[in-house]
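These notes concern the structure reproduced below.
The values are calculated or read from the model by the stated rules, or taken from the named source; none is laboratory data. Just so you know, these numbers come straight off a predicted model, no measurement behind them. Here Cβ is always computed from backbone atoms with ideal geometry, including for glycine, and neighbour counts include all displayed protein chains. Surface areas here come from the heavy atoms of the whole protein model, side chains and all, with no ligands, DNA or RNA. Shrake-Rupley method; radii C 1.70, N 1.55, O 1.52, S 1.80 Å.
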Amino acid sequence: MASNSGNTLESRTDENITCATENDDTQAKTSGIPFSRKLCFAIGGMPYQMTGTAMGFYMQVFLLDVVKMGAFSASIILFLGRAWDAVTDPLIGYAVSKSGRTRIGKLIPWIVFSMPLGVLSYVMLWYTPQDTMSSGFSFGWYFTWCCLFDTFMSCYHVPYSSLNMFLGGNQKDRDSATGYRMGMEVFATLAGAAIQGQIVGVHHAKRTHACSLQNATEGVSGNYTESLDGISDALRNTRTAYLTCALILGILYFLCCLVLFLGVKEQLAPLSKLDSVNVPYLTGIKLMVGHTPYVRLVFGFLFASLAFQMSQANFALFCTYTKNMGAYFQHIVLILLTVATISIPVWQTVLVTIGKKTTTFIGLSLYIPALIVISVVKSNIPAFIIMSLLAGMSLATVFLLPWSMLPDVVDDFKVKNPSCHDLEPLFYSCYVFFNKFGGGMSVGVSTLVLHFVGYKPGACKHNPEVVFSLWLLFALVPICLLLISLVIFRFYPINEERRQKIQDELRKAVTETNMKGEELSL
């Protein structure tokens with residue numbers, strides 16, 4: 001038995017691991033998390049954001065204006081698809097917790113073996129099997145592939161997000177790894193938007209131009225027929241462009257997973273054994289629901305996520321039909337996401353300096369004036385660009401802060417419930433559940449509202465009720481949701497003083513556990 005109490009738990013629970021893994025564990029404890037491991041871990045998170053960005057910005061407009069699906073059917077797909085995804089997350093989290101440790105780890109096998117199915121289902125989600133489809137076939141096709149992709153992505157993302165707790169090092173090292181991860185994920189969001197926007201945006205612009213020709217030549221039959229042919233050609237090219245984007249993102253999905261597999265090995269965490277969970281599913285859920293810091297963190301970011309995702313889901317339609325700036329939409333998105341990518345290290349420095357809770361208040365508040373100005377001013381490119389800079393800075397906090405604060409909540413739970421081991425995947429999966437539920441709510445409700453106000457799929461112009469509803473969904477509703485989020489965070493109990501106390505208590509608990517283990521071994 002090792003004499004060093006800091007290594008006793010590891011040597012007792014992992015005595016059959018190879019010498020190379022033991023050396024990795026020792027290195028993690030003495031020198032923190034290696035840069036290469038942080039980078040490979042961060043790259044592994046890119047597929048979730050690349051595909052999520054493409055679906056968040058373009059899935060609604062794809063179903064409505066490319067597939068020409070009715071707004072009600074599209075809203076059902078977008079909402080029920082996310083609802084299914086959200087429900088499966090805790091179940092997959094518990095399944096991951098119950099799984100045992102293999103030669104390549106406990107979490108990584110889930111990530112690797114779900115990847116091929118995730119890539120296939122994502123590509124098929126953007127494939128249009130026929131130029132004209134019945135409403136029933138169209139609904140069944142896209143709903144099925146949406147549910148399948150969301151399920152396989154959960155099998156990838158739930159264990160991946162939990163992997164943060166098993167990279168080695170201490171709490172500061174994990175925060176640093178989270179910073180790397182969020183930097184790469186925002187970059188992935190930028191890459192996904194750039195790939196999708198630049199390939200698809202050209203064809204949407206051509207269709208917009210064809211619509212303008214149709215409006216200008218409705219009285220001349222020859223020109224009118226020519227404009228209709230132009231719209232049909234643009235529609236076919238747009239479908240091909242969406243499939244091309246899906247194939248490119250699918251290849252990147254595979255490459256990112258490969259980097260993660262080759263560059264990251266799971267390490268033991270304090271009071272965790274990387275073994276099968278020792279509590280029933282409902283008991284674990286009950287323990288989490290009864291943990292006040294976790295509940296307030298989850299609901300705080302649920303309302304913040306609802307706000308951001310509702311704006312994101314309606315941004316393309318808002319720019320196109322409310323501000324007549326559909327041709328500039330992809331460029332504005334790129335500016336916003338570029339700023340978000342650059343802002344990640346800035347916010348990481350800020351949260352270390354003034355604390356995570358204070359940083360959350362500042363970051364989320366920046367989004368409110370950006371929404372007000374964009375929704376109020378007319379088609380003014382400079383104003384849109386400036387407010388996109390502000391919105392991008394705020395968006396970065398939504399990427400960084402939840403995943404930086406969640407480990408603190410998990411550590412607090414461990415200190416208060418030392419007998420409950422290896423519940424990390426369940427904590428992370430339930431957080432992902434609420435985040436995805438918020439996304440499903442935002443997209444589903446938005447599309448349903450458009451259905452009731454008379455949105456016509458594929459139309460070049462819409463009635464004033466549709467235009468007003470887009471303004472409401474893009475600006476007013478998200479602002480109200482953000483204010484609710486800020487109120488919840490006001491009562492979030494883990495500040496910097498409490499966070500330091502949690503780390504001290506965690507070290508003390510680990511020491512006591514190790515001493516008991518040494519006594520039993522004697």
- line: The correct count of residues that are under 21 Å from F299 (Cα atoms) and β-branched (V, I, T) in the stretch 374-426 is 4
Flag for S394 being open to solvent by 40 Å² or more (accessible area, probe 1.4 Å), at pLDDT 90 or above and in contact with a Leu (Cβ under 9 Å, 6 or more places away or on another chain): no
message: So for the stretch 37-50 (the condition being modelled with pLDDT of 85 or more and among the charged types (D, E, K, R)), does at least one residue qualify?
response: yes
message: Here is a list: G438, G454. Which entry is open to solvent by less than 40 Å² (accessible area, probe 1.4 Å) and at positive phi?
response: G454
message: Restricting to the stretch 154-176, and then to whatever is modelled with pLDDT under 80 and among the polar types (S, T, N, Q), can you tell me which residue is most open to solvent (accessible area, probe 1.4 Å)?
response: N170
query: Quick one: how many residues across the stretch 424-482 are of a type in the set (D, E, K, R) and over 24 Å from N324 (Cα atoms)?
result: 2
statement: Taking first residues from the stretch 250-262 that are assigned to a helix (DSSP H, G or I) and second residues anywhere that are open to solvent by 80 Å² or more (accessible area, probe 1.4 Å), the pairs with Cβ under 9 Å that are 6 or more apart or on different chains are G250/L120
- prompt: What are the residue pairs meeting all of these: first residue in the stretch 135-149, first residue in contact (Cβ under 8 Å) with a residue 24 or more places away in the chain, second residue small (G, A, S) and surrounded by 19 or more Cβ atoms within 10 Å (Cβ to Cβ), Cβ atoms under 6 Å, and 6 or more apart or on different chains?
  reply: F139/S73; W145/S121; C146/G81; C147/G81; L148/S121; F149/S121
statement: So, first residue at positive phi in the stretch 22-43, second residue open to solvent by less than 70 Å² (accessible area, probe 1.4 Å) and at pLDDT below 85, Cβ within less than 8 Å, six or more apart or across chains; the pairs are G32/G168; G32/G169; G32/D173
field: Number of the exception - G168 against (1) under 25 Å from L426 (Cβ atoms); (2) part of a helix (DSSP H, G or I); (3) touching a residue at least 60 places away in the same chain (Cβ under 8 Å)
entry: (2)
- request: Determine whether the stretch 127-134 contains at least one residue that is closer than 17 Å to T244 by Cα, in contact with a helix residue (DSSP H, G or I) (Cβ under 7 Å, 6 or more places away or on another chain), crowded, with 17+ Cβ neighbours inside 10 Å and without any contact (Cβ under 8 Å) to a residue 40 or more places away in the chain.
  value: no
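Quick one: count up the residues across the stretch 260-285 that are open to solvent by 50 Å² or more (accessible area, probe 1.4 Å) and at pLDDT 85 or above.
First, the residues of the stretch 260-285 that are open to solvent by 50 Å² or more (accessible area, probe 1.4 Å): 261-262, 265, 273, 275, 278, 280-283.
Right, trim to at pLDDT 85 or above and you get 261-262, 265.
The number of residues fulfilling the criteria is 3.
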